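Novice: What follows is a single structure, and I will ask about it in a moment.
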Amino acid sequence: MAAEAPRKQRRGEGGVWFGFFAPAGTAPDQVARLSKALEAAVRSEAFSSKLPIGVIPSFSPPDAFLAEIARDRDIYGRILRDVGIKLN
């Protein structure tokens, strides 16, 4: 039975994501170096073996990750406006 259970939701289909951020103004070469190191870590067996069953890590380069955040902000911002919720 467990083998038939879905292992992961695709990006954009719900679920939870986590990300790493650097301070604004971080030099592009430092962002690239950190991104490369994080990608190697996320794709490593040492990392994925520590995750709960069913969680499959994925990696997005900085530009793609920022685009995902912008899409989420637009989607959830619209929902909040539509139902009249205002954030402080």
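Quick note: the coordinates plus some simple rules give every number you see, no bench work behind them. Source: prediction; values computed, not measured. Heads up, the Cβs are rebuilt from the backbone with ideal geometry, glycines too, and the neighbour counts pull from every protein chain shown.
Novice: At 0.36 nm per residue, and after removing the present C-alpha to C-alpha distance, how many nm does the segment from I56 to Y76 gain when stretched out fully?
Specialist: 4.8 nm
Novice: Determine, for each peptide in 66-77, 17-28, the mean count of other beta carbons within 10 angstrom over its residues, then list the peptides with the highest first. Write down the numbers at each step before the final one.
Specialist: Values: 66-77: 11.7, 17-28: 8.8.
Per-residue Cβ counts within 10 Å, averaged per peptide and sorted highest first, yield 66-77, 17-28.
Novice: May I pose another question? Which of the peptides 49-60, 29-40 is most tightly packed, and how do the rest follow, judged by the mean count of other Cβ atoms within 10 Å per residue? Walk me through the numbers before you get to the answer.
Specialist: Numbers: 49-60: 10.4, 29-40: 12.3.
The most tightly packed comes first, giving 29-40, 49-60.
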